[in-house]
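Single-structure report; data block below.
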Amino acid sequence: MKVLVIGSGGREHALVWKLSQSPKVEKIYCAPGNAGIAESAECVPIGAEDIPKLLAFAKENAIGLTVVGPEAPLTEGIVDKFEKAGLMVFGASKAAARLEGSKSFAKSLMTKYGIPTAIGKTFTDIEKAKAYIEEVGGKVVVKADGLAAGKGVMVCTNKKQALEAVNLVMEEKAFGDAGKKMVIEELLVGEEASFLAFTDGKTVLPLPSSQDHKAIYDGDKGPNTGGMGAYSPAPVVDAYMHDKIMNEVMKPTVKAMAAEGAPYKGVLYAGLMIDGDDIKVLEFNARFGDPECQPLLMRLKTDLVEIMEAVSKEELDKVNLEIDPRATVCIVLASKGYPGSYDKGMPISGLDAVKRMKDVFVFHAGTALQDEKIVASGGRVLGVTALGETIDKAIDKAYKAADKIKWTGVYKRKDIGQKASRHAKPAPLVSILMGSDSDLKVMQGATEMLTKLRIPYEMTVASAHRTPERAAEIARTARDRGIKVIIAGAGAAAHLAGALAAQTTLPVIGVPIDATPLAGFDALLATVQMPPGIPVATVAVGKMGAKNAGVLAAQIIGVGDETVAKRLAAFKEKMAEEVIAKAKKVEAL
């Protein structure tokens, strides 16, 4: 088939690069493209927002699939127009793209459907906006409501900054019509992550996690940019957090959009703030992030055309994503002065040297061909992306490649990916064992509570009957490995907790699991009925018991750890607040 990719940045180069690997593709066009894209596709001199000309081109050239890269044409309804003309197109409809095109719409949707987000309000009146800041204080985020090329968000730490941001948006009109309305919300703390998923409006198929670097300078200092680098995976999104994001953000958002009569099809991007086990949505994007797209597509092994066709036909449930287990890092090379004004037309050297490097690719963002030479023509110019067995190896490879590329005024951050490197896993304090991997769903109740209370843990399978020596060794060595508490889950005969308790002086908590027609009562009795001198603290059957096992383990550790004790106090206070909130709802009926 013939494919048309719309856009001209690094994201679009990555899309062209990935689509060209599909055996289904015979030719790729890109409108308008750039100098790098021109090596893999025929560039067409049509702007990304010139929808009538793009539609005419697609018809005249029998385009089988159109892929929309940037947000502007999506919010202008390009998908609706192409579909009306009977053309297959990948991207969000005009109604669905409001998730990105209007921050007030996204905020309203999240509030209505209980999707976690920062507390905030929408304003069209500058004086009311200023009064709100006087009321809540200056630790806020001020956002222009509409599209502002990733620069309409201002993080403020005091009233002076917040009031200046309000003036910039509404009085100085720095973002034009995008600032006719603004959102002011609480300043969240934690670590940011990007979470993207394909969806056909029903099925949600997640890509690996990633993390962007928005600020221009090292240490996340300076004004925001479109993104100065990204890496995947983001260690802050572990398996537990991945499931939590899917269940609390991605799936509910797709369901909410369907309920609002605007089914979401395409790729959904959630920008998140993660603090412990607490997640909040910072923003939604209705397309691939840039530069997140580059490292993510380098890890994707599945045919991208097949995925996009499945989204279009609402058959995504038939697709499985195959992901390269290696890490990827993308380092953006920008022109001096960006995100402000910058020079153009500087010749770029070193690209051929990087082409000879294995597992490295340079995605062009702001380049042009001038006198048969590739020159810098944008603020963000190149995205040097590398694969590595570990995140550190990918970082090293990407920087070695980036250092080979030169032009007058080239600039890059020197700390891309360092947050991932700092995520050294702390030594576990709790050891969780289960008799079979079929017990995992139940035992995740314990990991959920330990994650919430920020207590590191290890988890494995060990059977009291089938691998008795392994179970005994884990228990015997636990104290020397720094473990403070053991949690054991088993069903039926349920001898695991007792077998472990016999091998250690550490406290052991037993979780009975429902694995037979006796509904877990056999496991409950087997766990609790221990001989004198071999105690096992036994909790309720199933996931409820596993959750309490996690809390009890934290309480045991908290006896000698004031930090954990304070977290437990805050946890119980939050539970009480939730009950009071529910009581008020009932009383209001």
(request) Taking only region 97-127 into account, find how many residues are in contact with a strand residue (DSSP E or B) (Cβ under 9 Å, 6 or more places away or on another chain) and charged (D, E, K, R). (result) 4
(request) Being of a type outside the set (A, V, I, L, M, F, W, C) and surrounded by 14 or more Cβ atoms within 10 Å (Cβ to Cβ) is the filter; apply it to region 316-335 and report the residue that is nearest to the chain's Cα centre (by Cα). (result) 328
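Within region 147-159, track down each residue that is in a loop (DSSP other than H, G, I, E, B) and either under 22 Å from the mean Cα position of the chain (by Cα) or closer than 10 Å to residue 187 by Cα (or both).
Within region 147-159, the subset in a loop (DSSP other than H, G, I, E, B) is 147-152, 156-158.
Scanning region 147-159 gives 147, 148, 149, 150, 151, 152, 156, 157.
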(request) Can you tell me which residue among 518, 589, 568, 525 is open to solvent by less than 40 Å² (accessible area, probe 1.4 Å) and either within 31 Å of the chain's Cα centre (by Cα) or modelled with pLDDT under 95 (or both)? (result) 568
(request) Might you check whether a residue that is at pLDDT 95 or above, among the aliphatic types (A, V, I, L, M) and surrounded by fewer than 24 Cβ atoms within 10 Å (Cβ to Cβ) occurs anywhere in region 97-104? (result) no
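Kindly indicate which of 272, 300 is open to solvent by less than 20 Å² (accessible area, probe 1.4 Å), under 19 Å from residue 323 (Cα atoms), at pLDDT 95 or above and touching a strand residue (DSSP E or B) at 6+ places or on another chain (Cβ under 8 Å).
On the way: 272 fails: under 19 Å from residue 323 (Cα atoms).
Within the list 272, 300, the selection yields 300.
Looking at region 250-260 only, could you name the residues that are closer than 13 Å to residue 112 by Cα and open to solvent by less than 10 Å² (accessible area, probe 1.4 Å)?
From region 250-260, those closer than 13 Å to residue 112 by Cα are 252-253, 255-257, 259-260; that's our starting set.
Those that are closer than 13 Å to residue 112 by Cα and open to solvent by less than 10 Å² (accessible area, probe 1.4 Å): 253, 256, 257.
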(message) So if I check each of 192, 172, which one is in contact (Cβ under 8 Å) with a residue 60 or more places away in the chain and open to solvent by 40 Å² or more (accessible area, probe 1.4 Å)?
(response) 192
(message) Tell me yes or no: at least one residue of region 238-245 is part of a helix (DSSP H, G or I), open to solvent by less than 20 Å² (accessible area, probe 1.4 Å) and within 21 Å of residue 108 (Cα to Cα).
(response) yes
(request) Give the residues of region 29-57 that are closer than 23 Å to residue 370 by Cβ, open to solvent by less than 20 Å² (accessible area, probe 1.4 Å) and outside any loop (DSSP other than H, G, I, E, B), sorted by residue number. (result) 29, 30, 31, 37
(request) Filter region 412-444 down to the residues that are part of a helix (DSSP H, G or I) and in the same structural domain as residue 476 (by the TED database), then identify the one that is least open to solvent (accessible area, probe 1.4 Å). (result) 443
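Of the residues 74, 87, which is more than 26 Å from residue 369 (Cβ to Cβ) and in contact (Cβ under 8 Å) with a residue 60 or more places away in the chain?
On the way: 87 fails: in contact (Cβ under 8 Å) with a residue 60 or more places away in the chain.
When all the criteria are applied, what remains is 74.
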(message) The conditions are (1) over 23 Å from residue 431 (Cα atoms); (2) in a helix (DSSP H, G or I); (3) among the polar types (S, T, N, Q), and residue 548 fails exactly one of them. Which is it?
(response) (1)
(request) Just one of (1) open to solvent by 60 Å² or more (accessible area, probe 1.4 Å); (2) part of a helix (DSSP H, G or I) trips up residue 404, so point out which. (result) (2)
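Find the strands (runs of 3 or more DSSP E) located wholly in region 264-361 whose residues include 1 or more that are small (Gly, Ala, Ser), and list them. Break it down stepwise before answering.
Working: elements: 266-275, 278-285, 327-335.
Ranges flagged: 266-275, 327-335.
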(request) Any chance you could count how many residues in region 117-162 are hydroxyl-bearing (Ser, Thr, Tyr) and either touching a Ser or Thr at 6+ places or on another chain (Cβ under 6 Å) or open to solvent by 40 Å² or more (accessible area, probe 1.4 Å) (or both)? (result) 3
(request) Say whether the condition of being more than 19 Å from residue 456 (Cβ to Cβ) and either buried (at least 17 other Cβ atoms within 10 Å of the Cβ) or out of contact with any Cys (no Cβ under 7 Å at 6 or more places or on another chain) (or both) is met by at least one residue in region 473-481. (result) yes
(message) Condition first: on the phi > 0 side of the Ramachandran plot and in contact with a helix residue (DSSP H, G or I) (Cβ under 8 Å, 6 or more places away or on another chain). Now tell me which residues in region 490-542 satisfy that.
(response) 492, 494, 542
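The values are calculated or read from the model by the stated rules, or taken from the named source; none is laboratory data. Only a predicted model underlies this, so the values are computations on that prediction, with no experimental measurement involved. All Cβ positions, even for glycine, are placed from backbone atoms using ideal geometry, and neighbour counts span all protein chains on display. Ligands, DNA and RNA are excluded from the accessible area calculation, which covers all protein heavy atoms including side chains. Shrake-Rupley method; radii C 1.70, N 1.55, O 1.52, S 1.80 Å.
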